[in-house]
1. Kindly evaluate A:Ala392 against the criterion of being open to solvent by 50 Å² or more (accessible area, probe 1.4 Å) and aliphatic (A, V, I, L, M).
2. Take the conditions open to solvent by less than 60 Å² (accessible area, probe 1.4 Å) and farther than 29 Å from A:Ala516 by Cβ and apply them to A:Ile87. Does it pass?
3. Which of the residues belonging to the stretch C:7-54 are touching a strand residue (DSSP E or B) at 6+ places or on another chain (Cβ under 8 Å), open to solvent by less than 10 Å² (accessible area, probe 1.4 Å), within 14 Å of chain A (Cβ to nearest Cβ) and not in a helix (DSSP H, G or I)?
4. Sort out which residues of the stretch A:408-432 are open to solvent by less than 20 Å² (accessible area, probe 1.4 Å), of a type in the set (A, V, I, L, M, F, W, C) and either outside any helix (DSSP H, G or I) or in contact with an Asp or Glu (Cβ under 9 Å, 6 or more places away or on another chain) (or both), and write them in order of number.
5. Can you name the strands (runs of 3 or more DSSP E) wholly within the stretch A:760-832 that have at least 1 residues being surrounded by fewer than 21 Cβ atoms within 10 Å (Cβ to Cβ) and charged (D, E, K, R)?
6. Restricting to the stretch A:576-633, name every residue that is buried (at least 18 other Cβ atoms within 10 Å of the Cβ), more than 30 Å from C:Ala317 (Cβ to Cβ) and either within 12 Å of another protein chain (Cβ to nearest Cβ) or among the aliphatic types (A, V, I, L, M) (or both).
7. Which number in (1) touching a residue at least 40 places away in the same chain (Cβ under 8 Å); (2) open to solvent by less than 10 Å² (accessible area, probe 1.4 Å); (3) part of a helix (DSSP H, G or I) marks the one condition that C:Phe260 misses?
8. Out of the stretch A:663-692, which residues are within 14 Å of chain C (Cβ to nearest Cβ) and small (Gly, Ala, Ser)?
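The values are calculated or read from the model by the stated rules, or taken from the named source; none is laboratory data. From a predicted model like this one, the values you see are computed outputs, not experimental measurements. All Cβ positions, even for glycine, are placed from backbone atoms using ideal geometry, and neighbour counts span all protein chains on display. The accessibility values were calculated without ligands, DNA or RNA, using every heavy atom of the protein model including side chains. Shrake-Rupley method; radii C 1.70, N 1.55, O 1.52, S 1.80 Å.
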Amino acid sequence: MRVAGKGLIDRSRRVRFSFDGKTYGGFAGDTVASALLANGVKLMGRSFKYHRPRGVLSAGSEEPNALITVGKGAQAEPNVRATVQEIYDGLVTRSQNAWPSLDFDVMAANDLAAPFLGAGFYYKTFMWPKRFWEAVYEPIIRKAAGLGALSGQSNVDTYEKAFAFCDLLVIGAGPTGLMAALTAARAGADVVLVDEDSLMGGRLNAETGAVGHQSGAVWAAGVVAELSGMENVRLMSRTTVTGVYDGSTYGAIERVSQHHAERSGGRPVACFWRIVARHCVLAAGAIERPIAFQNNDRPGVMTAGAVRAYLNRWDVSPGKRVAVFGNNDDAHRTARDLVAAGVHVVGLIDARADVDVGDAAYPVFAGAQVCNTGGRNALESITVRTATGEHALQVDCLAVSGGWNPTVHLTCHMNGRPTWREDIQAFVPTEGAVPDMTVAGACNGVFSTAACLADGVAAGKAALKALGKRTAEVEVPVAEDAPYALEPLWAVAGKGRAWLDFQNDVSVKDIRQAAAENFKSVEHMKRYTTQGMATDQGKSSNIGALAILADATGRAIPETGTTTYRPPFVPVSIAAMGAGGQGHGFAPERWTTSHKRTEEMGAPMIEAGLWYRPSYFPKAGEATWRESCDREVGYVRKAVGVCDVSTLGKIDIQGPDAGKLLDFVYTNVFSTLKVGRVRYGLMLREDGTVMDDGTTARLGDDHFVMTTTTAAAGAVMRHLEFVSQCLHPEWEVAFTSVTEQWAQFAVAGPKARELLNGLVDAPIDGESWPFMACGPVSVGGVTGRLFRISFSGEHAYELAVPSRYGAALFDELVARSEKLGGGPYGMEALNVLRIEKGFITHAEIEGRATAFDVGMGRMISAKKDCIGKVMAARPGLVEEDRPQLVGLRPVKADGALTGGAHLFDAGAEPVRVNHQGHVSSVGFSPDLGCMIGLGFLRRGPARMGEVIDMVDHVRGVQTRVTVCAPVFIDPDGERVRG
Amino acid sequence: MRIDCPLCGARDRREFYYQGAAVMLARPAPDAGEAAWDAYLHLRDNPAGQTRELWQHEAGCGAWLMVTRDTVSHVISGVEMAEDVKRAAL
Amino acid sequence: MRFSGLRILREGLTGNKGWTSHWRDPEPKAEYDAIIIGGGGHGLSTAYYLAKNHGMTNIAVLEKGYLGGGNVGRNTTIVRANYGLEGNSQFYSHSLKLWEGLEQDLNYNAMMSQRGVLMLCHSDGQRDAFARRGNMMMAQGDDAELLDTEGVRRELPYLDFENTRFPIYGGLLHRRGGTARHDAVAWGYARGADSRGVDLIQQCEVTGIDIENGVVKGVQTTRGAIRAKKVGVVVAGRSSQVAAMAGMRLPIESHVLQAFVTEGLKPVIDHVVSFGMGHFYISQSDKGGLVFGGDLDFYASYAARGNLPMVEHVMEAGMTLMPMIGKAKVLRSWGGIMDMTPDGSPIIDRTETEGLFLNCGWCYGGFKAVPGSGHTFAHLMATGERHEAAAAFRLDRFRTGGGLMDEEATGSQHNLH
């Protein structure tokens, strides 16, 4: 019901939206809650457990009842607070957790069974018969639980994340926050002022009191106008600070376009902010608390502050016949505002007996209480208990005030606990709970407008002092300064169920029962009853519940303590905090210089860490990847193959102590390596397991270039930095990653030299470039590097050029190799080629294997210390019984080998206690015409020729295999030297 | 959490790699014995309070840092170049 | 009082006035046969099995806060036996079997729900690693299925199979894995232990361990000295501090692990699902909240709270894997303190002090171990002998290098497991 002439809504802009399929009208500036109330709609939801009818309780984000689903299809967002969602033309909303309709909800039958569904009932039953829990009970419970529903479709909206930095973050733009921001901004500080509401001003927009010579709302708008004209101020409305983190870092969620239909142009729905502030003023206000009494949950029962907000800001009276129930003076303020607006106030029930009512324009019941309500889906009457007995009053709205709880939440996010103040019967923030934060105004227990304005100035000055800035003078305007007189009243005595947590259906009785069952710790009570675990996290109910618990256990409230306040202050969508992660945004993509050409050739790309590498290069007529792979293996074994190996880590190491460093990080000796030569090295972690392997070339006396595996490049770089900075800063050596600076290609096969000799500017031969030689070469006038190394066992080279020439060189290599009967090869062929030679990768050195395990124990030089040497010698790491590297061949040529299969003695039962090892790598060897594998077998080197069982339970494969040396081709290594 | 890198200034924690207690600076001699090596690599004081630990500004300058930090409050009270700490101990 | 549907009916009809205390609040006695330090899941289950299996009822559990207030009250409730290495494999298998009869054993509905745990793989190499793990599970007698992409699609049609950064190659499905109601597990064990005579003493912080000539004699507490012949330390998260009271320095670093729950939603995720290329795992509780988490924050901490970089990483991983959860709103985040060991596996062992036993190092995987840990630790405390299922969890394995169980294969750096 609108009340003419009041409010801050824009009556010139009519807005139409729908709720549960019915279209309603409202005005710009309305929330769904205010517009529905204006249309006389009181029933907006159903509670979680008993499906009791629910109407709006509050006018803010603390709302436990009026939760709706907004939008359609993939854009539907469940559990949106109707008190926060602004209306716009075309907005579609619907109710939740009710079937077949909100008015008539079948599940409301739960309420009839409530005596059997009290606190923790499910822990005591549903146990028989045993299988019924999962088969029958749990599915029913799951289906009944939950509130809104996800659409089930992938997110189609845009979300963003951003960083902001400032001198001062002011949280809350009520009278306190505005004054704090103004004080700091006028003094030149960089200020960010955030407020959850669409309209800054806080309670000033909901109250009738004047500030200075203006209404509070007009004064607030004036301050906002001044601030918005200042370059050092950033105003962020519709932004809620959700969490406080270390280093004065604040998380905040901004509703960027949830208040209008416009989603084009990449405009995000919401943005998650990380705000780093040198100082913070918290002016988050307070949240009004209800009073518990029988049937206090009926739609039409609201907090008094919410009634004033709907009346004064949104021009809506939530009822025609309103009663007010309170234990403090705010109740009277509510009654006065209603009367002034022409609303019929049936009575004011003040729990305080000694209250001075003056000449009230409404009936006052002093020392009285509301003890029950009547009605079905909406409030129709209340029962008032006075000294003379119980009286029924016909009302359609009851405004309740049990006092105010300062919004201490953010001050507790860093493990601070709030402090109880007896005079206001509420918890306030504990001094210093968050470093570099000043708490002011209502959230610090300061309640009058005048006191808040002054506290805001004081907080602004305190912030300036902390920032080391000089203060500017700010005049504090005149405003109401009424005292806050309150007599505690948490629950009205009586029969029936008096509700605390409206969403989770927790009553005073539930709390008392929990205490009787010895769930006396506030944490136990919460977990047993689910008090405060609903979507509002008990913002309006937790303190009341713990007051009941304190009473039930004979303790004082501060002794009982609060549960832990945790981020986020309001729920934040996963899409917002995970913005950028959807699809390929989750991790960077690294492309080699040959990437484009490789894709053009139709090669399927596979992920190798962050890199992409070709799996194989398919040719017309090939039906399976195996055919392509076999052909590519043939290139290398019979002609020449080309492969981009740029993804391997490359670290340039220079300095007089470079050799020392290498000797220390590798198990073997590098300081004796001659210039122009390459050596294979094995690198351990300090715990003795293998970290990585690769080749390192000596380009000059003080100059090496190390290669790492693709996977370990970052870890090795960090390791070298650790060794040089933390263990041996006295060594003169410097290094840098050059992985991206050089494009490098393997040219492998009997015709490798023939290919190169058409390409490099000066021909090479076996004498100038023997196996493991390296040095500069000129390629079309470009200085590159040539390494004669092989990961295939064939005569092979790796040719490196600066990256900008990589794409051109790859094209050239592919063309030349094809002319020689070869071509490019991918990861599948590379894997077969290296298995055939027994070369290890991270399938073998997977993090648990030692040098001993991979048959390289003797590579740990006895002549010097190195990282990992001492721990590698631990008795448990050199036991003969450890699984060690072997080759595996099927006894029958068509026998299958599978990676991850386990090894057992022939004929042994394939159970854990008989486990002998596992298969680490497998591939089909075209040369041998069968599958081959590498694996780890207990006492492997002593078991050559033994026939054992390979069992792959999960793939259903069992194969009899022969243990062999892990080299299948050219065991003497003649080809590589040819 | 923000760490004041001596070379780069205050940066968000996400730029840094954490390794562990700063005891890793004091690598035992190869012949120090089983107990010393076990203590170096495995055993930790693990205080609930102030501790010294090694971080690397991996996504920044690459410097290894010795950070003095409280494991209960997360307050960082000192950041030094690990290299300087190690040199002073040599 | 025995719980049953009939009892609920009777109480409901008589105003629910007959419910009695789940456990007593006894004053500590001067002496016990054994003391368990720590009233979390592991401590309570240890007490329960000491009383039930070994007839030790003159025992006490000392808890500095409230029962079940440690990691058993702040985890992501996952139960599974899908380990790949000898030692862990038999232990978690043993623990899962205890889970499977827990409600009837305790007369308490812990809501164990074997919804299936599905670990996704994103490369050929990872699939082989999962096959290796699945083969160990099956060799141990547990269940495992290796799914290909289509198999995963059948189970989890809502994943992003088209655009995700790391394509889904398949997964390892462990159907007997699932979730349980974490608090109820602690309360069920507490009630079971209490009813067998165990004294559960809350608000009683141990401040010292009395040792004479290498033999434990009792403990000092905020509620006075208590003598005991045997003392079990079961305080994961605070193990280093309590062990220090006995002069021990442990191979443990404490780290914070965060987790998250969304607002209640109608059923949408049936399994426990884990992502193989970013640290993210998720399930949906019976109440409807999506419960999910990721990796450690990676810095040592006793704060039981974390920071945004890991929060955001976890959310981003969720968005690349299953972007249909985008509109779900995170309701609450929290942190727990993890005992991280150098190989990521726990310790259940004797100490050099006679009568002093240690149960710690559960890293971020302690919840599913609650029954097995208590069961085997009770065996160790009662008999002095290691239980076969937990014999691998030796304290000396780091020193000797024998029997390391590095499931993550990341080496001895505590925070990398």
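1. It is true that A:Ala392 is open to solvent by 50 Å² or more (accessible area, probe 1.4 Å) and aliphatic (A, V, I, L, M).
2. Judged against the criteria, A:Ile87 is a match.
3. C:Trp23, C:Gly39
4. Matches in the stretch A:408-432: A:Val408, A:Ile424, A:Ala426, A:Phe427, A:Val428.
5. Ranges flagged: A:782-787.
6. A:Val633
7. (3)
8. Within the stretch A:663-692, just A:Gly688 meets the criteria.
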